[in-house]
Every structure is written in C-alpha cells, then in structure tokens.
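Asks: Got a structure for you, written out below as structure tokens; questions coming shortly.
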Amino acid sequence: MKNLSYKQIYEAYLDFFQRNGHTVIPSAPLVPENDPSVLFVNAGMFPLVPFLKGQEHPKGKRLVNIQRCIRTGDIEEVGNRYHCTAFIMLGNWSLNDYFKKEAINMTVEFFTKELGLDINNIYASVFEGDQDAPQDTESIEAWKEIFSKHGIDAKVGKGERIQPLGKKENWWGLESGGPCGPDSEIFYDTGKEKCGNDCNVSCNCGKYVEIGNNVFMEYQKDGDKITPLGRHNVDFGGGLERLTALLQNVDSVYDTDIYKPIMNKVKELSQIEDIKSQRVIVDHIKAATWIIMDGVTPSRTQQGYILRRLIRRAVRHGKKLGIENSFCKEIANIAIGQFKGIWEGLETEKENILKVIEEEEEKLITSAESLFSANSKDIRVRVEFSKNILAMVTSRKVGTLLIGLLMTSLNSSAVSKINSISAVDIYLIPNRCLVVNCAFSLMINQPIFFYTISLRFSQDSNPNLPPRGLHLLHQPYNQHSLD
Ligand SMILES: [Zn+2]
C-alpha cells in the first residue's frame with residue numbers, strides 16, 4: 001500500500017482513467033441546475049442522468065471527475081469515524097460504452113497498481129437476483145477471472161470472496177425512478193479480527209471497508225416497473241475521504257491530511273476535549289464554505305436553511321467545547337485553504353464566504369444569548385420538550401403552555417409578573433413544522449420588557465428541520481425569529 005497524500009490519490013485517479021480513454025469533466029455545482037427533487041447534488045452521477053438515459057455527452061462516452069457532494073440525511077451521525085455531510089466523490093462513467101468486465105478490471109487495476117492495495121485483501125459483493133432482474137453472473141465471472149489471475153481461488157457465497165447480496169445492498173437507482181441497475185461493491189479487508197462467525201463484507205464492524213462501487217445501469221424504473229433500459233452504462237463512485245483514511249492507515253477520515261489542519265485549529269481553540277463536537281465543527285464549517293461558494297446564502301427555506309443549520313450547529317458545538325469568542329470565520333479560513341486547490345471558487349469567493357459565515361454566527365449569538373446580560377439576570381431560555389407538545393398547543397392552550405414553560409425556565413418571582421400575552425400567531429411551515437410566535441411583556445425588577453417568543457414543534461426527524469421537540473428562544477421585541 002502506497003503512502004499517498006489525498007491530493008496524490010485524486011490526481012492518480014484522474015490520471016489513470018484519462019490514460020484509459022476518459023475525459024475529465026468539472027464538478028457540477030452543489031445546487032442541482034434542473035432538478036428540484038433534491039436540495040443538493042448527493043452523488044457524482046446526479047448531473048449525468050440525461051446522458052445515462054441516452055442524450056449524447058459533448059465530452060464523449062468515457063468520463064471521469066471528482067464531484068463535491070452534500071448529504072444531510074444523517075447529519076446526526078456526523079462525529080463518528082466516517083460520516084461527513086460534505087465529501088468528495090471519485091466518479092467515472094461509461095455511457096453505453098464498456099460494461100461490467102472492463103469496468104471491474106479497470107477499478108481493480110487502479111486500486112492495486114496505482115494505489116498499491118493488496119489484491120489478497122480485496123473482496124466483492126454482487127447482486128444476487130430477484131423477481132426484477134437475474135443474478136449478476138457477468139460480474140461474478142469477471143471477479144473470478146481477476147482473482148484467478150492472481151492465484152486466488154475465489155468462492156461465491158455468504159462470507160466468501162465474492163458475496164451475492166440483495167437489492168438493499170447491491171442495487172442502485174433514484175427513488176423517483178430513472179436509470180438503475182445492479183452494482184458490485186469493492187471492499188478492503190483491514191486485517192482486523194472478525195467480529196464474529198458471521199462477519200462478512202456487509203458487516204459494519206470495521207473489518208471490511210467499502211472503497212468503491214460500480215453501478216451497472218441497464219434498467220429503467222417507472223413507478224414500480226423495472227424494464228431494460230436498452231443501454232449499458234457504468235457509474236463508478238468512491239469516497240475520497242474513506243479511501244484516504246485507508247491508505248494513510250488512520251482510524252477516521254478526520255485524521256487524514258484532508259482534515260488534519262482544520263481539526264488541529266479546532267482542538268487548539270477548544271477548552272474541553274470532545275472529539276464528536278470537534279469533528280462536527282470541522283465538517284459543518286467546511287460544508288458551509290462549499291455551499292456559499294455555490295451561491296447559497298442563509299435563509300429560512302431550502303438550501304439556505306440547511307446552510308444556516310450547519311453554521312448554527314457548529315456554533316452550538318463550539319459553545320459545548322468552551323470556545324468563548326467567535327471562531328467560525330477562523331475555521332472557515334483554514335478550510336478554504338485546504339480545498340481551494342480542488343475548488344477554485346473558494347479562492348475567488350473567499351471574502352464573501354467568510355463574511356456570510358461571520359455574520360451568521362454573530363446573528364445567532366446576539367439573538368439567543370446576550371439579550372438579558374445588561375440586567376445581570378441570566379434568564380436565557382432554551383427549553384426542550386419532547387413529548388406530545390403538538391397536542392398541547394392546540395388553540396387556547398398556548399397561553400397556559402407558555403406560562404408553564406417560563407416557570408420552568410425563569411425564576412419564579414419573574415414568572416409571577418408576566419403580563420398577559422398580547423399576540424399569538426401560529427403558522428405551519430412545510431413538512432410538518434409548527435411555529436408559534438407570541439409577544440408578551442415581562443417585568444423584572446421594575447422595568448417592563450417586551451419580548452416575542454418563537455416556539456417550534458417538529459413532529460418527525462426530517463433532516464431539513466429543527467430537531468424533534470420544542471425550542472424556545474427569547475427574542476427582543478420586533479426582532480424577527482431567526483431559528
Ligand atoms: Zn464484522
């Protein structure tokens with residue numbers, strides 16, 4: 001296994017596939033140009049769908065690129081060893097050109113010859129077949145032949161060198177339909193002990209790491225119906241971060257040279273050691289710089305909301321780590337330096353990116369925290385409830401609920417002096433999130449303060465929404481709800 005920097009890895013990748021007849025295409029912007037069905041490009045193939053369906057690509061039938069992607073579906077997982085919301089995907093495609101055998105051979109050659117991975121540690125999974133499509137025997141034969149060339153007698157079956165698996169693992173297609181087909185994943189055995197007798201490539205104990213996946217798009221999905229596409233496309237995808245972690249022999253993607261300089265800065269600023277929070281900051285601020293580069297600004301909806309949420313999560317985790325001052329701009333600056341060699345826009349848009357991040361951090365801090373500091377009464381409120389809140393909020397119960405919330409959050413003498421609630425405004429924002437804005441007056445040591453409170457109730461775990469439960473934030477009167 002060669003000891004390569006992440007830059008050497010993706011350069012070797014682009015170079016190898018160019019030598020094999022592929023043309024480099026640029027990374028598409030993160031915001032899909034003609035598809036409102038997703039907020040962000042989440043895989044390298046996404047911008048290529050029209051060409052997989054048959055439209056002629058101006059750069060030919062063999063393409064390669066590195067694509068920036070954002071996935072926020074499992075944002076809560078960020079902080080473990082591998083999860084990132086923003087990542088780089090190595091991709092290459094055959095648009096109705098070569099197919100399974102050549103694709104698998106090229107992939108293996110790249111991993112073994114260019115990166116120096118040991119063929120003895122390589123394992124594969126293939127589609128086992130079902131009512132929609134037969135077992136992928138063509139891929140099985142291709143794999144057998146490769147292994148046998150290297151003197152490995154590869155068996156097919158559960159826990160074997162070549163493992164057939166079902167649709168859940170070895171089929172790829174968009175939920176909404178379009179080109180789809182079986183895939184064949186490539187795994188690397190890290191040499192760790194098996195976690196049990198049943199340990200195999202589909203186990204996530206860490207023994208086998210997925211390093212790439214060839215999707216063979218030979219079918220078309222319309223509704224529930226799957227029919228032959230009449231074309232044979234290949235879509236290879238591999239995560240640069242994960243591959244780099246493997247080659248650099250480190251335990252997590254955050255320990256690779258991709259993230260190390262950003263991580264070091266976060267650690268230096270932290271008063272408390274908490275690896276999960278530190279990783280969240282690295283990931284979220286890096287993601288924010290990419291998203292702003294592609295023209296998004298923080299807002300209450302769509303991509304802007306995701307951006308706002310990423311920055312705010314980073315700020316909150318910063319507070320958890322005891323970081324006193326504003327820090328996001330400083331981290332963003334390092335993240336930009338780290339990726340500007342790949343995404344040129346980071347350099348040209350640098351000033352704007354830093355400004356947006358800095359302003360968003362300031363907004364959050366002033367709105368949520370410094371409100372009462374002048375009165376030396378710390379009645380900062382952030383109450384989170386998780387049970388049946390929505391049921392309590394119907395109609396007139398809002399007032400009772402508010403008083404109850406304040407009683408638990410403020411000291412009781414203040415609560416007794418709450419004047420009546422003067423305005424209640426309830427509205428539903430899309431995807432089942434209920435917002436209740438209340439204006440009320442509150443008396444603490446004589447002066448009367450006017451506040452609005454924004455309550456949010458979210459019924460599900462939609463990643464694009466605030467977390468489940470109730471969030472109560474003091475806002476100065478007339479200031480618009482920010483969260
Ligand atoms: Zn295992």
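Asks: Any residue at all in the range 135-156 that's within 16 Å of the ligand (Cβ to nearest atom), in contact (Cβ under 8 Å) with a residue 12 or more places away in the chain and assigned by TED's automatic domain parsing to the domain that holds Asn42?
Replies: Step one: filter the range 135-156 for residues within 16 Å of the ligand (Cβ to nearest atom), giving none.
Within the range 135-156, not a single residue is within 16 Å of the ligand (Cβ to nearest atom), in contact (Cβ under 8 Å) with a residue 12 or more places away in the chain and assigned by TED's automatic domain parsing to the domain that holds Asn42.
Asks: Now, a different point. Please verify whether Tyr10 is assigned by TED's automatic domain parsing to the domain that holds Leu247 and assigned to a loop (DSSP other than H, G, I, E, B), treating the condition exactly as stated.
Replies: No, not satisfied.
Asks: To continue, here is another question. I need the helices (runs of 4 or more DSSP H) fully contained in the range 233-313, keeping only those with at least 3 residues that are over 18 Å from the mean Cα position of the chain (by Cα), on the phi < 0 side of the Ramachandran plot and crowded, with 16+ Cβ neighbours inside 10 Å.
Replies: 260-269
Asks: Right, here's the next one. Hey, can you tell me all the residues within the range 73-111 that are assigned to a helix (DSSP H, G or I), within 23 Å of Ile258 (Cβ to Cβ) and not acidic (Asp, Glu)?
Replies: Correct list: Ile75, Thr107, Phe110, Phe111.
Asks: While we're looking at this one, here's another question. Taking the options Val41, Val78, name whichever one is of a type outside the set (Asp, Glu), at pLDDT below 95 and over 21 Å from Val215 (Cβ atoms).
Replies: Values: Val41 fails: over 21 Å from Val215 (Cβ atoms).
Only one candidate passes the filter, namely Val78.
Asks: Considering only the range 164-215, how many residues are exposed (fewer than 14 other Cβ atoms within 10 Å of the Cβ) and away from the ligand (no atom under 16 Å from the Cβ)?
Replies: Total satisfying the criteria: 4.
Asks: Kindly indicate whether Gly151 is over 19 Å from Phe216 (Cβ atoms) and touching a strand residue (DSSP E or B) at 6+ places or on another chain (Cβ under 9 Å). So that I can check it myself, show each step before the final result.
Replies: On the way: over 19 Å from Phe216 (Cβ atoms): yes; touching a strand residue (DSSP E or B) at 6+ places or on another chain (Cβ under 9 Å): no.
Against the criterion (over 19 Å from Phe216 (Cβ atoms) and touching a strand residue (DSSP E or B) at 6+ places or on another chain (Cβ under 9 Å)), Gly151 does not qualify.
Asks: If I ask for residues that are assigned to a loop (DSSP other than H, G, I, E, B), in contact (Cβ under 8 Å) with a residue 24 or more places away in the chain and not basic (Lys, Arg), which ones from the range 37-55 would you list?
Replies: Ser37, Leu39, Phe40, Val41, Asn42, Ala43, Gly44, Met45, Gly54
The values are calculated or read from the model by the stated rules, or taken from the named source; none is laboratory data. Owing to the predicted nature of the structure, the values given are computational and were not obtained by experimental measurement. Neighbour counts run over all protein chains shown; Cβ positions are idealised from the backbone, glycine included.
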